[in-house]
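All remarks here apply to the structure that follows.
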Amino acid sequence: AARLCSGAGGQAEAAGGDGAMLRHLARKLRASGPVTVAEYMREALTNPGQGYYTRRGGVGESGDFITSPEISQVFGELIGIWYISEWMAMGKPNTFQLVELGPGRGTLTEDILRVFKQLTSVLSKCDVSVHLVEVSPKLSEIQAVMLTGGKVQPNPQNELAYMKGISKTGIPISWYRDIQDVPPGYSFYLAHEFFDALPIHKFQRTEKGWREVLVDIDPEVPDQLRFVLSPSRTPATQNFIQPEESRDHVEVCPEAGVIVQRLASRIEKDGGAALVADYGHDGTKTDTFRGFRNHKLHDVLSAPGTADLTADVDFSYLRKMAQGKTATLGPIKQREFLKNMGIDLRLQVLLQNSGDTATREQLLHSYDMLMNPEKMGDCFNFFALLPHHRLVHPDKKDKPESKSPLPPVAGFNELLLK
Ligand code: SAH
C-alpha cells in the first residue's frame with residue numbers, strides 16, 4: 001500500500017523494534033525535558049546512528065511504504081518528459097543539472113535517465129549531470145547500485161560531494177548531504193515525497209493562547225513517550241503562527257520553508273525549474289502527523305526509529321516561502337497532472353506492446369493506483385517553481401510584441417511538444 005492521505009483512517013499499529021532509539025530519547029528527555037515534535041522527528045528519521053532513514057530506508061514493496069515511481073515506470077518517464085519540455089520551452093540551454101532531493105531507491109532518476117537516453121537526438125548537444133541530495137548512507141548505496149551498477153568513488157577530493165559515479169547511460173552523478181553543497185548552475189530540481197519527511201512543529205490553540213506540542217516521557221509508564229503542551233509560548237509559537245490563523249491546530253515545517261527559499265533563489269539567479277510532488281493541502285488541514293511501518297499506520301510515539309514518520313505538505317506555506325522570487329504553479333492533483341502529461345496514450349502504447357496477460361494486468365493495476373481518486377490520484381499533488389519570465393502574463397497574450405508566446409507549462413496544462 002501507498003502512504004495514504006491523512007484522515008484516510010486505519011488502525012495504528014504499535015510495535016517493538018530493538019528499542020535503542022527509544023532508550024536514547026528517554027535519557028535525553030529525562031536529562032533536559034520535553035523536545036519539540038520537530039526535534040523528535042529529526043532524531044527518529046535521520047539520527048546518524050539510529051534514524052529510520054539512516055538504518056531502515058523503508059521505501060519499496062519490501063519496506064514500509066511504496067511510492068509512485070516504485071509502482072510504475074510510466075510515472076518517472078512522464079516526469080522526464082516534463083523536464084525535456086521545460087528545457088525546450090526555455091530555449092534549450094546547452095547545459096543543465098538534474099537535482100533530486102531524497103531520491104529513495106533511485107528509481108525515479110533511473111526512469112528519467114532512460115527518457116533522456118531515448119531522446120538523445122534532442123539532447124545531443126546538451127551537457128547533463130545528475131546531483132542527488134541524500135542523507136541516508138543506506139539509501140545512497142542502493143541508489144548507487146541502481147544507477148551506476150555500484151561503480152562509485154567515495155569521498156572524491158576537493159569536492160563537496162560525498163560520492164561520485166557515472167550512470168549506466170553515461171551521465172555523471174554526484175551525491176550530497178545538503179542542497180547548499182550542490183554547485184550553482186542552470187538546474188531542474190525534483191522533490192518527490194521528500195518534503196513530507198522533513199520535521200514539523202505542531203501548535204495547539206488554548207484558552208491562554210497558542211502552545212507548542214512537545215514530546216515528553218510518560219512519568220507513569222517507563223520508556224513510554226507522550227505529547228504535552230508547552231506551559232507558555234515558545235519561540236516557535238511566536239515565529240510561525242500567523243495572526244490571522246483560524247485553525248485550532250497547526251503544523252509548520254520550517255526546514256521545508258528554508259529549502260524552498262534556497263530553490264527559489266537558485267532558480268531566480270541561475271535559471272531552471274523545480275517540481276515538487278507530495279501529499280498535502282493548501283493551508284487547510286490540522287493534525288496530519290502519522291507513522292507507517294510494514295505498509296500499516298503506526299503510532300508516531302511508539303518504537304521511534306523503526307517507522308516512517310510523515311506529515312502532509314502545506315503548499316500554501318511553500319508558495320509563501322518562495323517569496324515572489326519565482327512564479328509558482330499548483331498544487332494540482334496527481335491524476336490531472338499525469339493526464340495532462342499523456343499517461344493514457346503511454347498506457348495504450350505499453351498495452352499494445354505487451355504480449356502476456358500478466359503484464360497487461362500489472363499495467364492496468366499500476367495505472368489505477370496512480371490515477372484513481374480513492375488511491376493516489378487525488379491526494380498527491382504537483383507544484384512547480386518557475387522563473388517569472390517563463391509564464392506569459394495574461395495581459396500580454398494578445399499584444400503584438402508576443403507573437404510567439406511561450407508554450408504553456410506541461411502537466412499544469414496539456415503537453416504540447418513541437
Ligand atoms: N523520492 C523517493 C523517496 C521518498 S522517501 C520516492 O518517491 O520513492 C524520502 C527520501 O528523503 C529518502 O531518500 C530519505 O532518505 C530522504 N531524506 C529524508 N530526510 C532528508 C534530509 N533532511 N535531507 C536529505 N534527504 C532526506
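Throughout, read-outs are computed from the coordinates displayed, never taken from laboratory work. Remember, it's a predicted structure, so these values are computed and weren't measured experimentally. All Cβ positions, glycine included, derive from the backbone under ideal geometry; neighbour counts span all protein chains shown.
Put in order of Cβ neighbour count within 10 Å, fewest first, the listed residues Y176, Y52 become Y176, Y52. Spin-label pair D181-T206: with each label point 7 Å from Cα along the Cα-Cβ axis, the two points sit 4.1 nm from one another.
Between Q143, Q348, Q50, the GNM of the chain built on Cα springs shorter than 10 angstrom shows Q348 fluctuating the most. The alpha carbon gyration tensor of the stretch 140-286 gives principal lengths a ≥ b ≥ c with a/c of 1.5 or higher and a/b greater than b/c, which makes the shape prolate. In plain terms, if you count all Cα to Cα distances in the chain and split them into 20 Å steps from zero, the share in each step is 25, 57, 17, 1 percent. Between 0 and 90 degrees, the angle of helix 107-118 with respect to the longest Cα principal axis of the chain falls at about 10 degrees. Helical content of the chain, expressed as a calculated mean residue ellipticity at 222 nm, amounts to -9500 deg cm²/dmol (DSSP H runs of 4 or more residues, -39,500 (n - 2.57) each, divided by residue number, nearest 500). Here the simple spin-label model places points 7 Å from the Cα toward Cβ, and for R114 and D218 these points are separated by 4.7 nm. One chain, two ends: D344 and A31. Fully extended at 0.36 nm per residue, the span grows by 106.9 nm beyond their Cα-Cα distance.
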